[in-house]
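One structure is given here, and the rest of the page talks about it.
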Amino acid sequence: MLERETAIQSPISDTQLLDLYRTMLTIRRFEERCNQLYMQGRIPSTLHLYIGQEAVAAGVCAHLRPDDYMFSTHRPHGHAIAKGVSPRSIMAELFAKRTGCCQGKGGSMHVGDIRVGMFPAVAIVGANAPLAAGTALAAKWLTGDWVTVCFMGDGALNEGAVHEAMNMAAIWDLPVVYVCENNLYAASTPVSAAFKSPDLAGRAAAYGLPGMVVDGNDVEAVYRAAASAIGRARQRQGPTLIEAKTYRLCGHSRSDPRTYRTKEEEAQWAARDPIPNLGERLKQRGQASDGSLAAVEQEVARLIDDAVRFAEESPSPEPEGTLEHVFWTREV
Ligand SMILES: Cc1ncc(C[n+]2csc(CCOP(=O)(O)OP(=O)(O)O)c2C)c(N)n1
Ligand SMILES: [Mg+2]
C-alpha cells in the first residue's frame with residue numbers, strides 16, 4: 001500500500017518554513033550563477049543543474065544532522081547546499097580550485113564534504129545505493145541514532161545495484177531512506193518508456209518496505225514525508241522508499257536542447273515552481289511578507305557573491321599534488 005499523505009500533519013513553524021524557503025532560494029540562485037559562469041567559460045566541464053527540484057533536497061535535508069550521512073548523484077549541488085556544504089567550497093570546486101570541497105580534483109559531479117556528512121557525489125547512476133546500505137549497516141552495528149539518506153533519479157530505479165541495495169536494506173532493517181526524485185526523464189528517456197507503473201515507489205512493496213509518493217514541488221509535503229521516513233530510520237524501524245514527483249526546469253546538462261519535451265509541458269511545470277509557490281503561500285497565510293522574503297533574497301545574493309569571489313581568488317591545485325589522495329593496491 002503506497003502512502004500518499006503522511007500521518008504526521010503537525011504544523012511546520014514559521015521559522016522552519018522561512019528556513020526551507022532560504023535553502024531553496026540559495027540552491028536556485030547558486031545554480032543560476034553557475035549557469036552564467038559556465039556560459040562565460042569561467043567554469044570548466046559540464047553541469048547538471050537542479051533547477052525546479054529544490055523542494056526535495058530542502059525538505060529532506062532539513063531533518064538531517066551533520067553526523068547523518070547523505071549520498072548524492074550527478075546532479076548534486078542542491079543536495080550539497082541543503083546538507084550544509086559551504087557554497088564557497090562548492091563554487092571553488094566547480095572552478096577547479098584548491099579550496100574546493102574535493103580540492104579542485106572532483107568537479108561538479110563529485111562534490112561532497114564528509115565533515116558535514118555528505119560523501120562525494122556518485123555520478124554512476126544507481127551506484128550510490130549499495131554505499132548507502134553500507135553506511136546504514138555501520139550505523140546498525142555502531143552505537144548512535146544516525147541515519148543515511150540516498151538520493152537518486154528515476155533512471156536509477158532500473159539499475160540492478162539499486163534493487164540489490166534496497167532488498168538488502170529491507171532484509172536487514174537498515175536505517176536508510178532512499179529518495180527517488182522522479183523528474184519524468186532520465187536524460188531524454190521519459191519515465192513512461194522505462195516504467196509500466198506510474199508510481200515508482202510501488203517497487204517498495206516487492207522488498208517489503210513502506211513506499212511513499214509525495215509532491216516533490218511542495219516543500220511542506222516533502223518535509224512531512226521525510227519527517228516520517230527519517231523518524232522511522234532513527235528509531236531503527238527500517239528503511240523507506242520515498243518517490244518525490246518533480247521536474248527539472250532546465251536541460252539534463254548544459255548541452256541539452258530539450259527537443260524530447262514540449263514547451264507546453266515545460267510551461268505547466270514552470271507554473272508549479274516550488275520557490276515562488278511557497279513564497280505566495282507564506283504571504284497568503286500571513287507567515288511572511290514581501291519585506292521578509294526580499295530580505296532573504298538579499299541575504300542569499302550576498303552569500304553567492306561571496307562564494308564566487310572566494311572561488312575566483314583561490315589558487316589552482318599544484319601539479320605536484322596530482323597523485324595526492326590517489327590510492328591503489330599493489331601486488332606483492
Ligand atoms: C550506470 C550509468 N549509466 C549511464 C550513465 C549516463 N547518465 C548520466 S545521467 C543519466 C540519466 C539519469 O537519469 P535519472 O536517474 O532520472 O536522474 P536525473 O538526471 O533525471 O536527475 C545517464 C543515463 C551513468 N552516469 N551511469
Ligand atoms: Mg530523472
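The values are calculated or read from the model by the stated rules, or taken from the named source; none is laboratory data. All values reported here derive from a predicted model rather than from experimental measurement. Heads up, the Cβs are rebuilt from the backbone with ideal geometry, glycines too, and the neighbour counts pull from every protein chain shown. Calculation scope for accessible area: heavy atoms of the full protein, side chains included, ligands and nucleic acids excluded. Shrake-Rupley method; radii C 1.70, N 1.55, O 1.52, S 1.80 Å.
Within the bounds of the range 30-53, is there any residue that is within 22 Å of VAL147 (Cα to Cα), out of contact with any Cys (no Cβ under 8 Å at 6 or more places or on another chain) and not aromatic (Phe, Trp, Tyr)? Quick ask: steps written out before the conclusion?
Within the range 30-53, the subset within 22 Å of VAL147 (Cα to Cα) is none.
Looking through the range 30-53, none of the residues is within 22 Å of VAL147 (Cα to Cα), out of contact with any Cys (no Cβ under 8 Å at 6 or more places or on another chain) and not aromatic (Phe, Trp, Tyr).
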Would you mention how many residues in the range 218-249 are open to solvent by less than 10 Å² (accessible area, probe 1.4 Å) and part of a loop (DSSP other than H, G, I, E, B)? 5
Take the residues in the range 157-202 that are touching a residue at least 60 places away in the same chain (Cβ under 8 Å) and in a loop (DSSP other than H, G, I, E, B), then tell me which one is farthest from ligand 1 (Cβ to nearest atom). ASP173
Among the candidates GLY59, GLY52, residue that is in contact with a Lys or Arg (Cβ under 7 Å, 6 or more places away or on another chain), at pLDDT 95 or above and of a type in the set (Gly, Ala, Ser): GLY52
Are there any pairs, at least 6 apart or on different chains, whose C-beta atoms fall under 6 Å, with the first in the range 59-77 and open to solvent by 30 Å² or more (accessible area, probe 1.4 Å) and the second in a loop (DSSP other than H, G, I, E, B) and among the hydrophobic types (A, V, I, L, M, F, W, C), and if so, which? ASP67/TRP146; HIS74/ALA123
Of the conditions (1) open to solvent by 60 Å² or more (accessible area, probe 1.4 Å); (2) within 17 Å of ILE114 (Cα to Cα); (3) among the aliphatic types (A, V, I, L, M), the single one that ALA82 does not satisfy is (1)
Give the residues of the range 205-234 that are closer than 16 Å to PHE151 by Cα and among the polar types (S, T, N, Q), sorted by residue number. ASN217
Looking at this structure, is PHE151 touching a residue at least 24 places away in the same chain (Cβ under 8 Å), open to solvent by 10 Å² or more (accessible area, probe 1.4 Å) and of a type in the set (Phe, Trp, Tyr)? no
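Any idea which residue in the range 123-148 is most open to solvent (accessible area, probe 1.4 Å), counting only those that are among the β-branched types (Val, Ile, Thr) and at pLDDT 95 or above? Let's see the steps before the verdict.
Let us first name the residues in the range 123-148 that are among the β-branched types (Val, Ile, Thr), namely 124-125, 135, 143, 147-148.
Okay, now just the ones that are also at pLDDT 95 or above, so 124-125, 135, 147-148.
Details: ILE124: 120, VAL125: 65, THR135: 18, VAL147: 0, THR148: 0 Å².
That would be ILE124.
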For the range 308-315, does any single residue satisfy the condition of being in contact with a His (Cβ under 9 Å, 6 or more places away or on another chain), of a type outside the set (Phe, Trp, Tyr) and crowded, with 16+ Cβ neighbours inside 10 Å? no
Pull out all pairs, ordered by first then second residue, where Cβ-Cβ is under 9 Å, the residues are six or more apart or on different chains, the first lies in the range 289-306 and is farther than 16 Å from GLY279 by Cα, and the second is of a type in the set (Asp, Glu) and open to solvent by 50 Å² or more (accessible area, probe 1.4 Å). ILE304/GLU32
Is at least one residue of the range 164-184 open to solvent by 20 Å² or more (accessible area, probe 1.4 Å) and within 23 Å of ALA271 (Cβ to Cβ)? yes
Scanning for something open to solvent by 10 Å² or more (accessible area, probe 1.4 Å), within 16 Å of the chain's Cα centre (by Cα), among the basic types (Lys, Arg) and closer than 30 Å to LEU278 by Cα, does the range 85-102 turn up at least one residue? no
Check on ARG281, open to solvent by 10 Å² or more (accessible area, probe 1.4 Å), assigned to a helix (DSSP H, G or I) and more than 30 Å from TRP172 (Cα to Cα): yes
Hey, any hits in the range 258-276 for a residue that's touching a Leu at 6+ places or on another chain (Cβ under 9 Å), open to solvent by less than 30 Å² (accessible area, probe 1.4 Å) and away from ligand 1 (no atom under 16 Å from the Cβ)? yes
